[in-house]
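Asker: Encoded as structure tokens, here's the structure I'll be asking about.
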Amino acid sequence: MKILPEHQDIAQFIQAFRLELHRFPELSNQEFETTARIKAVLEKHQIRVLDLPLATGLVAELGDANAEPLVVLRSDIDALPIDEQSGVDYVSQNPGVMHACGHDFHASAALGAAILLKQKESQLKGRVRILFQAAEETGQGAPALLATGALDDAAVIFGIHNDPTLPVGQLGSKAGALTAGVDRFDITITGIGSHAARPHDGNDPIIILGQVIGAVQTLMSRNVPSDHNAVVSITQVHSGSTWNVIPEAAWLEGTVRSFNQETRELIERRLRQLLQGIAAAFDAKIELNWQPGPPSVVNDAEWVDFALEQAPAAGFEPLTVAASPIGEDFAFYQQKIPGAFIMIGSGGPYALHHPAFRVDDRALFPTADYLQRLAVNALEKLQ
């Protein structure tokens with residue numbers, strides 16, 4: 001993946017910028033310094049920054065302010081509450097916070113695309129807006145940005161995410177569902193505590209907890225068709241505080257990942273029914289707190305084909321990838337705007353959200369180049 005001589009300075013700059021973002025990561029909705037750093041670079045290059053009611057994150061715009069159509073490129077900027085163990089010499093300086101999902105890579109690539117587009121701004125056949133979105137990890141950033149109206153007139157939107165399962169030099173996407181809808185739930189079981197020697201005096205919530213855990217597994221095996229991929233995982237269980245007391249309550253938490261709305265609604269409905277039945281059977285109180293997250297990223301087939309067609313010119317090998325159970329709030333944009341989400345090979349070896357995660361910077365400038373090509377050629381296609 002060669003970089004032309006005229007692009008060496010931009011490539012070196014965005015690599016240094018990524019390392020700086022990596023050293024100073026910020027959590028969702030706390031990305032004040034990250035936003036300021038990005039804004040300073042945009043202003044240095046005389047790239048317009050829209051005046052929007054956003055506490056963190058920002059939107060850059062290139063092209064004539066009144067031109068149509070409008071193409072949108074999306075990156076994200078927030079980090080995760082993880083202690084970094086990557087061993088890189090640009091390790092996080094903010095204890096307990098890490099760019100373990102590569103959003104520093106995404107933001108730096110988008111910044112590079114903005115600089116490249118600025119060089120050809122007078123030739124653009126429309127407008128390009130570049131989102132440096134906050135709070136992707138909480139699923140709150142995309143809805144907040146949509147609420148500003150900045151995407152009301154958008155014709156198409158493209159987003160990227162690094163993928164450590166793909167080698168550097170490859171990128172992939174697919175039509176239809178690419179990522180999973182993400183839901184979170186927690187369940188509180190309230191029984192009656194008692195001495196461990198006299199369980200008949202109480203109503204043991206741990207026994208009920210065991211029934212709930214077993215029943216939850218039937219949500220998939222006995223309710224969801226085998227060709228509808230979905231996962232229900234219980235990830236935390238808590239009850240009791242000592243060896244000789246049956247506690248009053250038990251609590252568990254988990255997540256559901258699904259790829260279509262029908263399955264998503266079915267799982268929630270059946271979980272509620274199961275819990276009502278178990279509560280009645282054991283004469284206990286069971287409360288379900290269901291927290292819906294982003295829906296599935298559902299790519300437009302035409303724009304996926306287009307996105308893959310642009311890959312070779314930027315030095316990437318395009319391929320069709322399998323759907324992934326990760327969550328992505330890019331899905332909220334696609335409920336209003338057609339577009340495509342693309343996975344960029346970042347070389348591994350560690351998975352997203354791993355304390356030792358890192359990206360291979362050889363993919364950084366090619367990704368910036370790819371993004372600007374998407375924007376320019378999408379404007380051409382929309383004429």
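Asker: Looking at 325, 294 in this structure, which one is under 17 Å from residue 161 (Cβ atoms), of a type outside the set (Gly, Ala, Ser) and modelled with pLDDT under 95?
Answerer: 325
Asker: List the number of the failed condition for residue 347; all other conditions in (1) under 18 Å from the mean Cα position of the chain (by Cα); (2) assigned to a loop (DSSP other than H, G, I, E, B); (3) closer than 27 Å to residue 10 by Cα hold.
Answerer: (1) is the only condition that residue 347 fails.
Asker: Which of (1) open to solvent by 20 Å² or more (accessible area, probe 1.4 Å); (2) within 24 Å of the chain's Cα centre (by Cα) does residue 276 not meet, given it meets every other one?
Answerer: With respect to (1) open to solvent by 20 Å² or more (accessible area, probe 1.4 Å); (2) within 24 Å of the chain's Cα centre (by Cα), residue 276 is out only on (2).
Asker: Separate question: Could you identify the single residue in 300, 369, 329 that is over 18 Å from residue 103 (Cβ atoms), buried (at least 20 other Cβ atoms within 10 Å of the Cβ) and among the charged types (D, E, K, R)?
Answerer: On inspection, the qualifying residue turns out to be 369.
Asker: I'd like the full set of residues that are touching a Ser or Thr at 6+ places or on another chain (Cβ under 8 Å) and open to solvent by 20 Å² or more (accessible area, probe 1.4 Å), limited to the range 356-366.
Answerer: Across the range 356-366, the qualifying residues are 358, 360.
Asker: Which one is least open to solvent (accessible area, probe 1.4 Å), of the residues in the range 119-140 that are charged (D, E, K, R) and not in a loop (DSSP other than H, G, I, E, B)?
Answerer: Out of the qualifying residues, it is 127.
Asker: Would you confirm, using the coordinates I've provided, whether residue 109 is under 19 Å from residue 340 (Cβ atoms), under 23 Å from the mean Cα position of the chain (by Cα) and surrounded by 24 or more Cβ atoms within 10 Å (Cβ to Cβ)?
Answerer: It is true that residue 109 is under 19 Å from residue 340 (Cβ atoms), under 23 Å from the mean Cα position of the chain (by Cα) and surrounded by 24 or more Cβ atoms within 10 Å (Cβ to Cβ).
Asker: Okay, moving on. Criterion first (surrounded by fewer than 14 Cβ atoms within 10 Å (Cβ to Cβ), part of a strand (DSSP E or B) and without any contact (Cβ under 8 Å) to a residue 40 or more places away in the chain) does residue 233 satisfy it?
Answerer: Considered against the rule, which asks whether it is surrounded by fewer than 14 Cβ atoms within 10 Å (Cβ to Cβ), part of a strand (DSSP E or B) and without any contact (Cβ under 8 Å) to a residue 40 or more places away in the chain, residue 233 comes out as yes.
Asker: Restricting attention to the range 240-260, and to residues there that are aliphatic (A, V, I, L, M) and under 35 Å from the mean Cα position of the chain (by Cα), which single residue is farthest from residue 181 (Cα to Cα)?
Answerer: 249
Asker: Given the conditions (1) modelled with pLDDT of 95 or more; (2) crowded, with 16+ Cβ neighbours inside 10 Å, report the number of the one that residue 353 does not fulfil.
Answerer: (2)
Asker: Shifting gears a bit: Among the candidates 272, 264, single out the residue that is basic (Lys, Arg), modelled with pLDDT under 95 and under 30 Å from residue 218 (Cβ atoms).
Answerer: Criteria check complete, one pass: 264.
Asker: If you don't mind, another one. Could you check, for the range 66-84, whether at least one of its residues is open to solvent by 50 Å² or more (accessible area, probe 1.4 Å) and either closer than 23 Å to residue 353 by Cβ or not in a loop (DSSP other than H, G, I, E, B) (or both)?
Answerer: Taking every residue of the range 66-84 in turn, at least one turns out to be open to solvent by 50 Å² or more (accessible area, probe 1.4 Å) and either closer than 23 Å to residue 353 by Cβ or not in a loop (DSSP other than H, G, I, E, B) (or both).
Asker: Collect the residues in the range 313-326 that are open to solvent by 50 Å² or more (accessible area, probe 1.4 Å) and assigned to a helix (DSSP H, G or I), keeping them in residue-number order.
Answerer: Selection gives 313 alone.
Asker: Something else about it: When residue 287 is evaluated against the numbered criteria (1) open to solvent by 70 Å² or more (accessible area, probe 1.4 Å); (2) part of a helix (DSSP H, G or I); (3) within 30 Å of residue 201 (Cα to Cα), which criterion, by number, is the only one it fails?
Answerer: (2)
Asker: For the range 93-106, enumerate the residues that are open to solvent by less than 20 Å² (accessible area, probe 1.4 Å), assigned to a loop (DSSP other than H, G, I, E, B) and within 17 Å of residue 17 (Cβ to Cβ).
Answerer: 99, 102
Asker: Just checking, does the range 5-22 include any residue being assigned to a loop (DSSP other than H, G, I, E, B) and either under 15 Å from residue 106 (Cα atoms) or open to solvent by 80 Å² or more (accessible area, probe 1.4 Å) (or both)?
Answerer: no
Asker: For residue 243, which of the numbered conditions (1) in contact with a Leu (Cβ under 7 Å, 6 or more places away or on another chain); (2) in contact (Cβ under 8 Å) with a residue 24 or more places away in the chain; (3) of a type outside the set (Gly, Ala, Ser); (4) not in a helix (DSSP H, G or I) fails to hold?
Answerer: (1)
Asker: Another question, if that's okay. Among the numbered criteria (1) open to solvent by less than 50 Å² (accessible area, probe 1.4 Å); (2) touching a residue at least 40 places away in the same chain (Cβ under 8 Å); (3) on the phi < 0 side of the Ramachandran plot, which single criterion is violated by residue 263?
Answerer: Residue 263 satisfies all of (1) open to solvent by less than 50 Å² (accessible area, probe 1.4 Å); (2) touching a residue at least 40 places away in the same chain (Cβ under 8 Å); (3) on the phi < 0 side of the Ramachandran plot except (2).
Asker: Ok, one more. Identify, from the list 310, 383, the residue that is at pLDDT below 95 and open to solvent by 10 Å² or more (accessible area, probe 1.4 Å).
Answerer: Every option except 383 fails the conditions.
The values are calculated or read from the model by the stated rules, or taken from the named source; none is laboratory data. Predicted model, so just to flag it, every value in this text is computed and none were measured. Don't worry about glycine lacking a Cβ; one is built from the backbone with ideal geometry, like all the others, and counts go over all protein chains shown. To get the accessible areas, we keep the full protein, side chains included, count just its heavy atoms, and leave off ligands, DNA and RNA. Shrake-Rupley method; radii C 1.70, N 1.55, O 1.52, S 1.80 Å.
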